[in-house]
Amino acid sequence: MILLDRVSKSYSKKSDSTALERISLHIEPKEFVIIVGPSGAGKSTLLKLLTREEKPTTGKIIVGGIDYEHLKDKDVPRLRRRIGVVFQDFKLLPNKTVFENVAFALEIIGISTKEIKHTVPRVLDIVGLKGKEKSMPMELSGGERQRVAIARAIVRQPKILIADEPTGNLDPKHAWDVIRVLEKINRFGTTVLLTTHNQDIVNKLKRRVITIEGGKVTSDHSGGTYRA
């Protein structure tokens, strides 16, 4: 599903500008993988490489059978439909309802109104927001807003969901509500990549944990713990 072979990323020719150094990873379809590491370790750069916001300086990236080396710029939007992304700060449209926020992700790719009316309620039910369709973002708790963001990210049925610090702004209860939704989506067959600084989440989930420090993978193990 995701293969990185000796991937490096530098933002200039200076040696101290290397964000990632010869990263090699293989993530299987339907895996749930947690990526941890201190701020500035290279986690965000890794995610930007996967979504093709950035290009590697050296190395090979293959996602879902697509070799990024041969990926044309015009095909990047199609790639991104296969990769859902959730951020720490929700990025919801404040003047649209919950339904409209999720529907917007389908509207921009030309999905019919009939299909949208069928699909959006089903996805909101998956993330536990049935009955909230007409609510505005500011009427929701932080955890509910993040679940709207997750619904928007998965409504196009991506093969991969990247959750970049999705619980960073949430209290423990709402954080775990979001994590349970991510686990549910993973059970449906979506590959999930979660970045987090929350040791409690990492240690209780007991999933595969990849640690990045100084732009390098320093550990990669299943069911382990993490200490920041």
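Any read-out appearing in this document is the output of simple, stated calculations on the displayed coordinates, not a laboratory observation. Everything numeric in this text was worked out from a predicted model, so none of it was measured. In this analysis, Cβ positions are derived from the backbone assuming ideal geometry, glycine residues included, and neighbour counts consider all displayed protein chains.
With θ taken as phi - 60° and the coefficients 6.51, -1.76 and 1.60, list the Karplus ³J(HN,Hα) couplings across segment 49-60 in order, rounded to whole Hz; mark glycine and proline as x.
After applying 6.51 cos²θ - 1.76 cosθ + 1.60, I find 5, 5, 8, 6, 6, 10, 10, x, 6, 9, x, 10 Hz.
Amide H neighbours of ALA163 under 5 Å, at least 5 residues apart or on other chains, H built in the peptide plane: list them.
VAL86, LEU193, LEU194, THR195
What percent antiparallel are the DSSP beta bridges of the chain, to the nearest 5?
If we restrict to bridges inside the chain, about 55 percent are antiparallel.
Could you tell me the relative contact order of the chain? Use alpha-carbon pairs under 8 Å, at least six residues apart, and round to a whole percent.
Contact order relative to length: 28 percent.
Give me the angle, in degrees from 0 to 90, between the Cα long axis of helix 98-107 and the longest principal axis of the Cα atoms of the chain, rounded to the nearest 10.
60
Please compute the modelled spin-label separation between LYS206 and ARG22, points set 7 Å along Cα→Cβ, answer in nm with one decimal.
3.5
Taking just the C-alpha trace of segment 93-157, give me its Rg and Dmax in Å.
According to the Cα coordinates of segment 93-157, Rg and Dmax are 10.6, 30 Å.
Among LEU140, LEU129, ILE111, whose Cα sits farthest toward the positive end of the charge dipole of the chain (+1 at Cβ of Lys/Arg, -1 at Cβ of Asp/Glu, about the Cα centre)?
ILE111
How far, in degrees from 0 to 90, does helix 113-126 lean away from the longest principal axis of the Cα atoms of the chain, to the nearest 10?
Between helix and principal axis, roughly 70 degrees.
For segment 88-169, which trypsin sites (Lys or Arg not before Pro) pass both filters: DSSP loop (anything but H, G, I, E, B) and at most 10 other C-beta atoms within 10 Å? List each step's numbers first, then the result.
On the way: sites: LYS91, LYS96, LYS114, LYS117, ARG122, LYS130, LYS132, LYS134, ARG145, ARG147, ARG152, ARG156, LYS159; in loops: LYS91, LYS96, LYS130, LYS132, LYS134, ARG156, LYS159.
When the trypsin sites (Lys or Arg not before Pro) of segment 88-169 are filtered for loop state and at most 10 Cβ neighbours within 10 Å, LYS134 remain.
Relative contact order for segment 93-157: what percent, with Cα pairs under 8 Å and sequence separation of 6 or more?
Working: 63 pairs, mean separation 32.4, N = 65.
It rounds to 50 percent for segment 93-157.
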